[in-house]
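The values are calculated or read from the model by the stated rules, or taken from the named source; none is laboratory data. On a predicted model such as this, the values are computed, not experimentally measured, just so you know. Every residue, glycine as well, gets a Cβ built from its backbone with ideal geometry; the counts of neighbours run over all protein chains shown. Keep in mind that these areas ignore ligands, DNA and RNA; they rest on the heavy atoms of the full protein, side chains included. Shrake-Rupley method; radii C 1.70, N 1.55, O 1.52, S 1.80 Å.
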Amino acid sequence: MLSSTATAFEIIMIEDDLGHARLIKKNLERAGICNKIQHFDNGQNALDFFFNEDNNMDADKLLVLLDLNLPEVDGYEILKRLKSNPKTDKIPVVILTTTDNPREVDKCYELGCNAYVTKPVEYDNFSEAIQKLGLLLAIVKLPNVKHD
Amino acid sequence: MGKPLKVVKYNSQSRVYYQLLMITVLFMSFFGFSLFLSGAFNKVKTADDKLVKEYELTRAYRRLYVDLLNMETGVRGFQLTGSQALLEPYTKANAKLTNDLDLAKEKAKETPGEYQQIEHWEDSIIKYASLLDAQVSNKNSYRDAIPSAADLIEQKQSMDLLRNEIGNRINSKLSDIEKNYVENNKLSRNYSIAIILGNVLFLGLCVAAFMFILRRERALMLADERIKKSETLYRTVLDAVNDGVFEYDIDTQNIFLSQAHQNSLGYDFKASGEDVENYSHHIHPDDMPKFAEQITAMIAGERNSYQTELRLMRANGEYVWHMSRTFSLKDSTGRITKIVGINVNIDEQKKREIELEHLNAELETFTYVTSHDLRSPLVNLKGFSKELQFSIKDLDKAIDNIANNIGENNKKQLNEIIHKDIGESVNFIISSVDRMDNLTKALLDLARIGRYEIKLENIDVKQLVETCVDSLGFEIKENNIELNIHDLPVIVSDKVALTQIFGNLIENAIKYRREDVASKIEVSCCTGPSEYHFSIKDNGRGIDDADKGKIFELFRRARNVGQVRGEGLGMAYVRATIRRLGGDIDFTSTVGEGTNFIFTIPKKIITSETKAKTVALVSKENIEA
């Protein structure tokens with residue numbers, strides 16, 4: 001089903017809360033997203049991954065799930081770096097965070113994030129949000145890859 | 001306070017000017033009078049001299065005349081008697097004649113026209129004298145000699161001519177002299193009168209001037225005294241008030257600091273004051289540019305007064321916050337001469353204000369950050385609890401699969417553990433997390449009010465309330481609630497905030513109605529001098545006096561809420577929002593009768609843009625840090 005169209009990309013999850021990371025993974029799986037998920041619990045490690053010259057990652061086949069509150073380098077910084085570098089600016093970035101402050105939402109969109117999802121405490125909502133996100137990822141990916 | 005400083009019109013310049021003018025007038029009149037007097041005196045003197053000369057000339061003529069008469073008389077007597085004694089007048093007169101003639105000639109020299117006259121007469125006199133001389137010598141030679149008739153006639157003619165001419169001359173001269181004498185008398189009398197009048201006038205002028213100067217000096221003295229008095233009073237008041245007063249004299253560049261001001265700053269500059277250079281060193285360098293700019297603007301006359309907060313350095317180097325109110329003083333010509341200011345020590349307030357600002361910012365940051373950071377573990381708690389519930393279901397299935405292999409007792413025990421112990425625990429965890437989540441959300445909402453940036457616009461409150469009511473339309477219709485919206489004003493405020501306030505209050509009025517009576521809600525407003533009083537009045541269940549304090553507290557509700565659901569957040573939120581707009585809320589209520597919520601909104605919202613910005617900035621920095 002969905003997985004057939006979605007297998008093409010790898011999900012980079014940058015999330016310092018291991019519990020959250022686990023829950024996100026579980027829910028994505030429940031939504032039928034079986035893509036490879038690479039997890040970083042530290043902003044600096046994630047940056048190292050994106051901007052390491054030796055890394056022969058395929059930017060066209062990546063999607064980023066990004067938390068904002070991160071140790072060392074925060075989510076804004078990562079978003080800024082990703083969107084200001086021609087090598088990575090086409091990678092779709094979905095902000096997934098507890099903050100729903102309008103100011104911070106605006107700031108993320110200003111910096112060029114592709115979607116902003118709030119983590120609801122209510123588990124049903126949370127899993128629904130993650131699963132919807134999975135659907136979104138499956139749909140959104142194709143035009144984005146061909147873009148430019 | 002301005003009065004003593006305003007008396008600059010009594011300045012010494014105009015004083016000198018008045019006195020100079022007076023002296024000049026006096027001097028000029030004196031000089032003019034002297035000129036007039038000397039002119040008049042010269043005139044009188046000239047006339048007198050002339051008169052004396054005329055008189056002397058006339059006397060000389062008269063001598064000549066007498067000489068001639070004596071000579072004729074002597075000769076006649078001698079002729080008739082031959083007596084030498086009778087000839088004596090002739091001899092004497094004849095001897096004097098030449099002298100008298102010379103004298104007359106000399107006197108006549110000074111009077112134009114007279115000299116020719118004398119010369120004319122001289123010929124006749126010499127001829128006449130020689131005639132007489134001839135007769136006398138003839139008689140002496142011939143005792144009986146009788147002069148011839150022709151001689152006598154000639155003698156008589158000569159004598160008559162001389163007597164007539166000289167006599168007439170003398171007479172006319174005398175009448176001239178008499179006339180001139182009368183004239184001169186008149187002239188000298190006038191002269192005397194002029195002197196007397198002049199002196200009287202001059203004396204009067206002197207007295208008047210003296211009186212004038214005296215009066216003026218007296219007025220000045222009084223004014224000086226008054227100035228000194230009020231100046232003393234002014235300085236005393238300045239020294240007595242605790243607030244520092246400073247006075248900057250633009251001309252002398254001197255700065256006067258009141259004693260209290262010096263004391264409070266720990267300085268002692270003496271009364272002579274300070275110069276600007278020194279004073280400005282006392283102002284905190286950060287506050288100086290603004291202060292200097294304002295003072296410059298005031299000296300340039302662009303503004304009359306201004307108010308600012310600035311830090312002044314004490315003698316020990318410590319800076320103290322002052323509220324500085326400054327205004328300019330002008331002289332009678334409109335030129336700005338002084339800048340006067342009052343520096344009020346607001347250090348305590350200012351420090352508290354800054355502290356409060358920091359505290360507020362910290363509190364907001366704290367609430368904000370914790371609201372988020374608290375929610376983060378909640379996501380896990382809730383998430384994994386749910387996962388546990390999934391696991392319980394999975395476990396149920398697994399047990400069912402092996403149910404036949406384990407005993408009934410074991411199965412029952414397992415079921416009890418799984419559903420009663422684990423399941424119940426998980427349910428408690430989940431419901432507690434829900435509650436925790438609601439609380440953190442509420443905290444977040446409240447925290448956001450403080451950070452909310454007010455956008456002012458014109459709001460038709462009636463229209464706004466109608467919109468609120470529309471969104472509650474279903475509830476109102478369903479419960480047959482009578483809702484009256486009275487006349488409401490158009491005000492300047494924040495639309496979002498007002499919508500939330502009215503929305504919450506009307507919703508509460510609906511929620512806490514009494515089921516046994518027809519519900520009625522009234523929204524009205526009355527306008528105060530500087531604020532609006534809005535009222536939302538219901539006939540609901542009312543609030544017990546004991547709950548009065550609770551209503552606006554976070555997470556607390558009145559006792560008689562019954563089955564109505566609520567978190568105890570609405571009123572806390574409403575009050576925080578109203579206070580954010582600079583107003584406040586209160587209510588009157590009777591249980592079983594109804595409640596009247598009254599809140600005020602100021603006509604001018606005093607949320608200073610700068611203050612809001614500072615708070616936002618500080619909290620932002622804290623977040624980023």
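Some values worked out for this structure:
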| item | result |
| --- | --- |
| Pair list, Cβ < 7 Å and 6+ apart or interchain, from region B:46-61 residues that are closer than 19 Å to B:Asp102 by Cα to residues that are not in a helix (DSSP H, G or I) | B:Lys53/B:Glu110; B:Lys53/B:Thr111; B:Leu57/B:Thr111 |
| Per-region count, region B:473-527, residues in a strand (DSSP E or B) and charged (D, E, K, R) | 4 |
| Filter pass, B:Ser188 being out of contact with any helix residue (DSSP H, G or I) (no Cβ under 8 Å at 6 or more places or on another chain) and under 30 Å from B:Glu56 (Cβ atoms) | no |
| Strands (runs of 3 or more DSSP E) within region A:1-102 that include 1 or more residues within 14 Å of chain B (Cβ to nearest Cβ), buried (at least 17 other Cβ atoms within 10 Å of the Cβ) and without any contact (Cβ under 8 Å) to a residue 40 or more places away in the chain | A:93-97 |
| Output for region B:556-602, where each listed residue is touching an Asp or Glu at 6+ places or on another chain (Cβ under 7 Å) and either open to solvent by 30 Å² or more (accessible area, probe 1.4 Å) or of a type in the set (S, T, N, Q) (or both) | B:Arg559, B:Asn560, B:Tyr573, B:Val591, B:Thr595, B:Ile598, B:Thr600 |
| Residues satisfying the stated conditions in region B:232-249, i.e. hydroxyl-bearing (Ser, Thr, Tyr) and modelled with pLDDT under 80 | B:Tyr234, B:Thr236 |
| Residue list for region B:554-587, filter: aliphatic (A, V, I, L, M) and under 23 Å from B:Arg448 (Cβ atoms) | B:Leu554, B:Leu569, B:Met571, B:Ala572, B:Val574, B:Ala576, B:Ile578, B:Leu581, B:Ile585 |
| B:Gly407, sole failed condition from (1) modelled with pLDDT of 85 or more; (2) surrounded by fewer than 15 Cβ atoms within 10 Å (Cβ to Cβ); (3) away from every other protein chain (no Cβ under 14 Å) | (1) |
| Count of region A:20-62 residues which are modelled with pLDDT of 80 or more and of a type in the set (Lys, Arg) | 4 |
| Test: residue in region B:351-361 that is surrounded by 15 or more Cβ atoms within 10 Å (Cβ to Cβ), free of Cβ contacts under 8 Å to residues at least 12 places away in the same chain, of a type in the set (Gly, Ala, Ser) and not assigned by TED's automatic domain parsing to the domain that holds B:Asn263 | no |
| Hits in region B:40-98 - residues which are open to solvent by less than 60 Å² (accessible area, probe 1.4 Å), among the small types (Gly, Ala, Ser) and part of a helix (DSSP H, G or I) | B:Ala40, B:Ala47, B:Ala60, B:Gly74, B:Gly77, B:Ala93 |
| Count of region B:323-350 residues which are of a type in the set (Phe, Trp, Tyr) and open to solvent by less than 40 Å² (accessible area, probe 1.4 Å) | 0 |
| Qualifying residue in region B:448-459 (condition: assigned to a helix (DSSP H, G or I) and either more than 60 Å from the chain's Cα centre (by Cα) or within 9 Å of chain A (Cβ to nearest Cβ) (or both)) | yes |
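Okay, residues lined up against (1) more than 16 Å from B:Val75 (Cβ to Cβ); (2) surrounded by 14 or more Cβ atoms within 10 Å (Cβ to Cβ); (3) not aromatic (Phe, Trp, Tyr):
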residue	(1), (2), (3)
B:Tyr115	yes, yes, no
B:Ile118	yes, yes, yes
B:Ile125	no, yes, yes
B:Asp133	no, yes, yes
B:Leu152	no, yes, yes
